[in-house]
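Notes for the one structure printed next.
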Amino acid sequence: MLSKRILELAVHKGMSSVLCEICSKKATTKCETCRVTYYCTPDHKLLDAVSFHRKVCEKLAVIRSERPLPFTETDRINEAEAMLQSKKEILKLAEIVTKKWLLERSIINAYPSAMIAWNMARDLRSEDSFEVIYPTCLVSETFLLLGKPSAAQQYMVQASWLSQKYDVLPATILAQLYRLRGIVLMAFENWKHAREAFSELVYVVALEYGVDDIRLGIPYGFLGLSLLKFDNIDGAMASFHKMADKWLHFMLTQYENKTMRRATETEMAEDEAKQDLEFQYMEAIIVFQRVYDVVRRLGISSVTDLINFKILCFQVLAEMRDNNSKEVVVYREEALATATRTKQSKCVPRKRIPLLIEVLQDDFLLRWERKHNRPRTIATKYLEMIKAINV
């Protein structure tokens, strides 16, 4: 319809042209609600609506619409501060939404919010501010997962270049930068430099949060994946065990305290620590699946069974946390099959035994008994299943 087309006279005063919110091409349509957000095609308009725009449509209308000049200096200052706060809220929300879409592997939906976060950060800060680094990392990862590694590399280089301007950067920014560098270099099969990036990631996170922190789990997983490419099986397995032990301990503690559930969007919005932990959990599932697949390709042995059993126990707890009862059964059966093969002599601390009996449940003990055709006490049968775990 003609009314939905952007004509030259419809452009706001002071604007010579309008560009697409998503791709920065010449716009031909706009949002009929806020009337200040423009798109090159209806497809990009729909994509942004699903991804992010509906969450901020009203705020954008306030920020981007023409306003009468304030009467007093106080009014001008108050209006500027309110505008600045609204932009900060949009930037923060865009970063959160992008991260969530990426972890849910809904990459096409992550693209609009990633670009909006990047553009908003550059508008809100200066283009060479270190606060632009994180949105740039998000855009780079989005392109990487969209199957455009060259574009991902360009944004990674841009983020790295920005970081070189500062002698000191916050640990969170450094961690994001090293993580991005590692996964982009992995995509280009530059394993040597990927290993260096993940080693730096482990160092930065351990230095900032301590060696016992759950945030160190995922960096160990990435480091192990890169070590495998150099046939460093022992080093890789050691890294995988550190990741598995941290997350298994965390999940068992939540199970014991009856706090094993997903955080709601409201809780995540109100508590940044809960939001960070939920994102860590979502990424841990992705990394564990990748580790499990890689280790399986190494063949069946006592070494691979040991780490795979830990991962499967984590998956059982994860599916219980997400209330996926069917998947719980699947992973329990895989855990049993793996446990009956392992021949390791180590076992878990006794205080964890009753807890994991609950997690794996009696049906596994019965299956084990039928398979081996000999009765065992619960503790003995349980130890046969988890003797390799050290949490």
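Numbers for the structure displayed
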{"item": "Residues that are in contact (Cβ under 8 Å) with a residue 24 or more places away in the chain and open to solvent by 60 Å² or more (accessible area, probe 1.4 Å), drawn from the range 67-92", "result": "LEU84, LYS88, GLU89"}
{"item": "Filter result for the condition that a residue is touching a strand residue (DSSP E or B) at 6+ places or on another chain (Cβ under 8 Å), farther than 14 Å from ASN119 by Cβ and hydrophobic (A, V, I, L, M, F, W, C), over CYS57, CYS20, CYS40, CYS34", "result": "CYS40"}
{"item": "From ALA152, ALA121, ALA159, residue being touching an Asp or Glu at 6+ places or on another chain (Cβ under 9 Å), closer than 16 Å to ALA197 by Cβ and hydrophobic (A, V, I, L, M, F, W, C)", "result": "ALA152"}
{"item": "Candidate set from the range 1-54 (those that are of a type in the set (Ser, Thr, Tyr), modelled with pLDDT under 80 and in a loop (DSSP other than H, G, I, E, B)); member that is surrounded by the most Cβ atoms within 10 Å (Cβ to Cβ)", "result": "SER17"}
{"item": "Selection status of GLU73, more than 25 Å from GLN275 (Cβ to Cβ) and of a type outside the set (Gly, Ala, Ser)", "result": "yes"}
{"item": "Long-range neighbours under 9 Å by Cβ, at least six apart or interchain, first residue more than 15 Å from THR304 (Cα to Cα) within the range 328-346, second at pLDDT 70 or above and of a type in the set (S, T, N, Q)", "result": "VAL328/GLN315; VAL330/GLN315; TYR331/GLN315"}
{"item": "Some residue of the range 207-223 being touching a residue at least 60 places away in the same chain (Cβ under 8 Å) and touching a Gly at 6+ places or on another chain (Cβ under 8 Å)", "result": "yes"}
{"item": "Helices (runs of 4 or more DSSP H) enclosed by the range 104-197 - at least 1 residues per element that are in contact (Cβ under 8 Å) with a residue 40 or more places away in the chain and open to solvent by less than 20 Å² (accessible area, probe 1.4 Å)", "result": "107-124, 133-145, 171-187"}
{"item": "Leading residue by the ranking (nearest to the chain's Cα centre (by Cα)) among those in the range 244-262 that are open to solvent by less than 90 Å² (accessible area, probe 1.4 Å) and of a type in the set (D, E, K, R)", "result": "LYS246"}
{"item": "Residue under evaluation ASP212, criteria (1) within 22 Å of GLN280 (Cβ to Cβ); (2) open to solvent by less than 20 Å² (accessible area, probe 1.4 Å), criterion not met", "result": "(2)"}
{"item": "Residue count, the range 290-305 (criterion: part of a helix (DSSP H, G or I) and within 28 Å of the chain's Cα centre (by Cα))", "result": "10"}
{"item": "Condition met for GLY221 (at pLDDT 95 or above and open to solvent by less than 30 Å² (accessible area, probe 1.4 Å))", "result": "yes"}
{"item": "Top-ranked residue of the range 286-311 - restricted to ones that are modelled with pLDDT of 85 or more and farther than 20 Å from ASP245 by Cα, ranked as least open to solvent (accessible area, probe 1.4 Å)", "result": "LEU298"}
{"item": "Filter result (of a type in the set (Lys, Arg), modelled with pLDDT of 80 or more and open to solvent by 50 Å² or more (accessible area, probe 1.4 Å)) within the range 312-343", "result": "LYS326"}
{"item": "Residues within the range 263-285 that are more than 13 Å from LYS100 (Cα to Cα) and either among the acidic types (Asp, Glu) or surrounded by fewer than 14 Cβ atoms within 10 Å (Cβ to Cβ) (or both), tallied", "result": "6"}
{"item": "Those residues of the range 287-313 which are closer than 13 Å to LEU103 by Cβ and touching a Lys or Arg at 6+ places or on another chain (Cβ under 8 Å), in sequence order", "result": "none"}
{"item": "Condition check for MET237: in a helix (DSSP H, G or I) and touching a Ser or Thr at 6+ places or on another chain (Cβ under 9 Å)", "result": "yes"}
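The values are calculated or read from the model by the stated rules, or taken from the named source; none is laboratory data. Because the structure is a prediction, the values reported are computed rather than measured. Here Cβ is always computed from backbone atoms with ideal geometry, including for glycine, and neighbour counts include all displayed protein chains. Only protein heavy atoms, including side chains, enter the accessible area calculation; ligands, DNA and RNA are left aside. Shrake-Rupley method; radii C 1.70, N 1.55, O 1.52, S 1.80 Å.
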